[in-house]
Amino acid sequence: MIDAAAISLGRIGAMVLRYTYLLRSSWPRILEMVYWPAVQMLTWGFLQTYLVQGRGAAPNSAAIAAGTLIGAVLLWDILLRGQQGFSFSFLEEMWSRNIANLLMSPLRPAEFVIALMVMSLVRLAVGVVPVTLMAIEFFGFNLWALGFAFAAFFVVLIVFAWSVGLLVSGVLLRYGLGAENLAWSLMFIIQPLGCIFYPVAALPGWLQPICWVLPPTYVFEGLRGVLIDHVLHTDLMLTGLAIDSLLFMGAAFAFAWLLASARRAGTLLQTGE
Amino acid sequence: MSSLLPRSNVALIVEDLSKTYNTTIAVRPLSFSLAVGSTTGLLGGNGAGKTTTIGMIMGLIEPTSGSIRVFGHDMVHDRHRVLGRMNFESPYVDMPHRLTVRQNLRVFAQLYGVTDSEGKIARLAQELALVEFLDRPSGSLSAGQKTRVALAKALINDPELLLLDEPTASLDPDTADWVRAYLETHRRDRNCTILLASHNMAEVERLCDRVIMLKQGSLVDDASPAELLARYGRSNLEDVFLDVARGRVNAKNRVDS
């Protein structure tokens, strides 16, 4: 799919410029990008405060006091907003019926995908970074203080977010806006199976192998290890990253196959609302 | 026609091109070529295969069989070598509504690697009378203004091959006439090759030096407008179109006769 020598930074820059113009054109969009992560963080932050300080400590109050709830919700937002930043930028082309213009321009699919990855990082920077700073102010939880561990968590989560974004974009190309809801909802399957707020051991035995196929599970288990035991389980991170790499390659092949299938089915000229 | 033209004078060669969707045949094996600097009309009723043919030439639809070569490059396997020398305009494709006209043109100029993009945008804005709304959102423009902006996008890279799918659809007669005049001048000045799909017979008669007629996915005639009028014994292309569309065909020397 990727011929590195043929990749043009100018064309990637053109797409990033296009999405930057779009973001700049609408302050409500920028506000919304901060609004939902902030609401999530405040809700879970206050719940954490209640559980720790309320009458009768919760059974796992030590873990909760260490910030596992608020840390998990911040990392969950990186995962969700990373994927949505990718998918929503792609959806903008579908909504504006611009896909055909792009696909018959010299823009290569790999350049398009790289631009979408860049935009997912930009949207994360706009939406999630302010919320991590709010978490310090409101609840004294500093995600950045996790240092290298946070960097490892971030890499595993964002690569998985891009894989899901890539797969959803391929499905949208092939099946059109009828599949739009996937962009909003697919990642939510990770909430129960990625063990965001509870350890894998809390799930029934038959479900646990499925959880371990998902890279976010390694991150959230890793987060609990860092916050409760003050140990970064590098083996978990490396395994998560290895699965991530396989899933990303699978998503890239799926995207290429769905794009080719869309060319065969003639659906690229029929995109739009 | 392709066999009669030296390869260097050929912009596009289509050979035995066909497209089938499941059991529906959209385009039956079709062959034609376009000489550099020519304007060719692709004519046919709804469902004749015009948009599918143009979609295949653009590389957006994969042919079931056959080949397309643009300036010698295969459009199925090698299209990225030649996409920068082509462009297209269609009322069925749009540009981002929230971006201003200038922003949209800037993005496409950068995608096509246009040097001095600001100068190019300024020149096109003058030529296509876009100056007064260059900094307005594209979504706020009228149909005529949008068509001129889409034309500016299609010309941003000075394409050597321009594909136009119903370029004056939904335009008022004055704007449509203006667009046709602009295309005539552009083709003459730049020696650009134009393939134009249209339902507007007056437009085809005015702009095209050759007409390819499609019916139910098959090529049914291929000649200059004057030859078609003589062949069908008609005084205008609209009547020729109706003869073909309604099966009232008694023309001499048709390509399939």
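What follows draws every value from the coordinates through simple rules; no lab data is involved. Worth saying up front: this structure is predicted, and the values here are computed from it rather than measured. Neighbour counts run over all protein chains shown; Cβ positions are idealised from the backbone, glycine included.
Details
- Overall size of the stretch A:159-269 from C-alpha positions, given as principal axis extents largest first: 55, 24, 23 Å.
- Take each residue of peptide A:88-99, count the partner chain Cβ atoms within 10 Å of its Cβ, and average: the result is 3.
- Under 13 Å from the Cα of B:K215 - aspartates and glutamates, other chains or at least 8 residues apart: B:D243, B:D256
- FRET efficiency estimate (nearest 0.05) - Cβ-Cβ, B:T115 to A:L203, R0 56 angstrom: 0.45
- Enclosing the Cα atoms of chain B in their convex hull gives a volume equal to 131 cubic angstrom per residue.
- Taking every Cα-Cα distance in the protein assembly as shown and sorting them into 10 Å bins starting at zero, the pair-distance distribution P(r) comes out as 4, 17, 24, 20, 14, 10, 7, 3, 1, 0 percent.
- Normalised by 2.2 N^0.38 Å, where N is the number of residues, the C-alpha radius of gyration of the stretch B:121-171 stands at 1.13.
- Taking N as the residue count of the stretch A:81-236, its C-alpha radius of gyration divided by 2.2 N^0.38 Å amounts to 1.18.
- Sorting B:9-20, B:76-87, A:182-193, B:98-109 by average packing, meaning the other beta carbons within 10 Å per residue, from highest down gives B:98-109, B:9-20, B:76-87, A:182-193.
- For B:K120, the aspartates and glutamates whose Cα comes closer than 19 Å to its Cα, not counting residues fewer than 8 places off in the same chain, are B:E89, B:E132, B:D135, B:D158, B:E160, B:D189.
- For the peptides A:197-204, B:231-238, B:146-153, the ranking by mean Cβ contacts within 10 Å, running from highest to lowest, is B:146-153, B:231-238, A:197-204.
- In terms of overall dimensions, chain A has a Cα radius of gyration and Dmax of 19.7, 64 angstrom.
- Only helical runs count toward this figure. For the protein assembly as shown, summing -39,500 (n - 2.57) over DSSP H runs of n ≥ 4 and dividing by all residues gives -17000 deg cm²/dmol at 222 nm.
- The alpha carbons of the stretch A:28-159 occupy a box of 64, 31, 23 Å along the principal axes, longest dimension given first.
- For the stretch B:194-233 and the stretch B:116-189, distance of Cα centres in Å: 24
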